[in-house]
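Contents: one structure, followed by commentary.
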Amino acid sequence: MSQQTKKSTTAESIANTFEWIITAFVLAFVFRAFILEAFRIPTGSMADTLMGDHFRMRCTQCGFKYEYNFNPYFHKSFHTYAGNNYFKLLKPPRCSSCGYFEKPNTTALQSNGDRILVFKSLYQFTEPKRWDVFVFKNPTEPKINYIKRLIGKPGETLELIDGDVYIDGKIERKPAKVQQELWMPVYNNNFQPIEPLEGRFNDHSWQQPFTNEDDSQWQWDPLRPVEFVLQSEGQNINTMFYDTDKGNDFRATYAYDDPAYYKSLPICSDLKMSFNAKRNAEGIIGIGLSKYGIQYKAIFYSNGIMAIEKTGTDGETIELTKGQIDSSKLEKYFPVSFANVDHLLVFKVDGEELIYDLGTDANDAGQRQTEIEPKATIFGSGQVVINDVQLYRDIYYMSTKTGSQEPVLRAGEGDPFTLGEDEYFAMGDNSPDSLDSRLWSMEGIGNNGIAYRQGVVPRDYLVGKAFFVYWPGGFRAGNFKFALIPNIGKMRFIYGGE
């Protein structure tokens, strides 16, 4: 082969390589522009579903893990080590389980916001679904992308009543996977403080928040703190209740947010209780949850009958529904849970489910009395042992501004908001700290002088649907500056849709 031929072959090879590189770049840009794009969550308006820049906290008393918002105005840089920023928390967070306020100037390492994958152009081929977590252009600043949850769709009338979403006058229930994602912890008995006498648990010393009623015989042993034991004779019902004077209350608080506003937040009356139970052949085990002064009881009998009862404000008790399972197949410990959420009662025993629908109108769960605190109880008879006791509240979409009783600008209770053609309503899961459709006070900016109504996301500004958290604030190896070790346990799908 001549020297000239070799040069020609080399030039052709280089040209082909550059052609493939350019093609790869073009395909990557096309893929990013029209199919899939990665976004980083900048703020905490969607916490705890998605985290902005935050601190990973572990309660120094009970060990419960939670996230706390990083705010450069509230937290002072302490020192930098290997490129990592450590901060003094000037406004200490509160544990969402035991209620412990961390001491002032507690130091913490900042973690970056979640990184997510978003299906782009999806909404050009399919209609957006309620409860989708979606990315859109901020109508008031179109160069900025926002991420919220899609709540209202074109032509619908939306109203927020006692934290719930009502569409065209009917309560809108969350899909099961979305609901599971949105339960907020109130208390988890698996996490016990190591210094209960320290007076920083909601401004007092810690006491076991589950308290016996009257002469109830439930026992809690500090030497075996994760268990509650009942050893009673006969069919007498023994009841203990969750005492909010001792533990966290049922207000719509977020461990992620500034605790200064906690006392001004509304009470959430949609609750869920769960535990594992072991009992003898006789007796019963059950959970009680009240709402607006009406008591609902989920009861599991020794013969395998599951029942849900209601006791009204007049004291009259009626059975709402019942079912039957084969109790002989239950394991030594079996899971029990009861939820009162979105006007739906859901009782589960070892995976078997009993449901009662209270109705979809605003007053079907009773006359709304939003300042009456709900009550959560555990009751039983015979010999029973329970562990893994956990108490949750539902997400609460606020219709007043945080820190005041001033109503939001639209869709608050008594102020329904109707969406027009190609208009959507967006809200953040962290409702007390989310600037969203409820609160936008400026018209949207469109092309060619077009202005969009205040409070709406126009169809033109839809970007895509968030579906996966692929990098939830990684870990750093040794003194390495960048967080290159993935936090695999926090990788997750983002659920939405109806």
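Values in this text are rule-based calculations from the coordinates and carry no lab data. None of these values were measured; they are calculated from a predicted model. Here the Cβ positions follow ideal geometry from the backbone for every residue, glycine too, while neighbour counts run over all protein chains shown.
Here are some notes:
- Whole-number percent relative contact order across the chain, with pairs defined as alpha carbons under 8 Å at least 6 apart: 22 percent
- Identified option (computed P(r) over Cα pairs in 20 Å bins from 0, in percent; candidates (i) 25, 58, 16, 0; (ii) 20, 49, 24, 5, 1, 0; (iii) 17, 40, 27, 13, 3, 1, 0): (ii)
- In the chain, a dipole from Cβ-located charges (positive for Lys and Arg, negative for Asp and Glu) runs towards its positive end, and of TRP183, VAL229, MET46 it is MET46 whose Cα lies farthest in that direction.
- When cysteine pairs in the chain are screened for C-beta atoms closer than 4.7 angstrom, the residues that find no partner are CYS268.
- Charge-dipole axis of the stretch 253-371 as Lys and Arg at +1 and Asp and Glu at -1 on Cβ define it, positive-most pick from VAL336, GLY283, GLN367: GLY283
- Listing TRP220, TRP183 from fewest to most neighbouring C-beta atoms within 10 Å gives TRP220, TRP183.
- Compared with the direct C-alpha span, the chain from ASP415 to LEU435 gains 5.4 nm at full extension, assuming 0.36 nm per residue.
- Electrostatic dipole magnitude of the chain [Cβ: Lys, Arg +1; Asp, Glu -1; Cα centre; debye, to 20]: 2520 debye
- If the Kirkwood radius is taken over C-alpha pairs of the stretch 222-284, then at 20 °C and 1.002 mPa s the Stokes-Einstein diffusion coefficient equals 138 µm²/s.
- Among THR140, TYR397, ILE308 - extreme Cα towards positive end, dipole of the chain, charges at beta-carbon: THR140
- THR60 paired with ASN487, simple spin-label distance in nm, labels 7 Å along Cα-to-beta-carbon: 2.1 nm
- Reach of LYS177 by Cα under 19 Å, taken over aspartates and glutamates that are not fewer than 8 positions away in the same chain: ASP48, ASP132, ASP164, ASP270, ASP342, ASP350, GLU352, GLU353, ASP357, ASP394, ASP429, GLU498
- Ascending count of other beta-carbon atoms within 10 Å, so fewest first, for VAL135, VAL457: VAL135, VAL457
- Using alpha-carbon coordinates, inclination of helix 3-34 to the longest axis of the chain, degrees: 40 degrees
- Between ARG453 and GLN235, the distance separating the two model label sites (each 7 Å from Cα on the Cα→Cβ line) works out to 5.9 nm.
- Remark: PHE101, PHE468 ranked as PHE468, PHE101, counting other beta-carbon atoms within 10 Å and listing the fewest first.
- Near-label residues of the stretch 212-237 by backbone N, under 15 Å of a point 7 Å along Cα→Cβ of GLU282: 231-237
- Förster radius 25 Å - calculated FRET efficiency between ASP168 and ASP245 (Cβ-Cβ, nearest 0.05): 0.05
- The region of the chain that goes longest without hitting one of the trypsin sites (Lys or Arg not before Pro) in a DSSP loop, each with at most 11 other Cβ atoms within 10 Å, is 1-331.
- Straight-distance candidates among the lysines for linking to LYS322, with alpha-carbon spacing under 23 Å and chain neighbours fewer than 8 residues away dropped: LYS272, LYS278, LYS291, LYS297, LYS310, LYS348, LYS375.
- Dividing the summed -39500 (n - 2.57) terms of all DSSP H runs of n ≥ 4 by the residue count of the chain sets its mean residue ellipticity at 222 nm at -2500 deg cm²/dmol.
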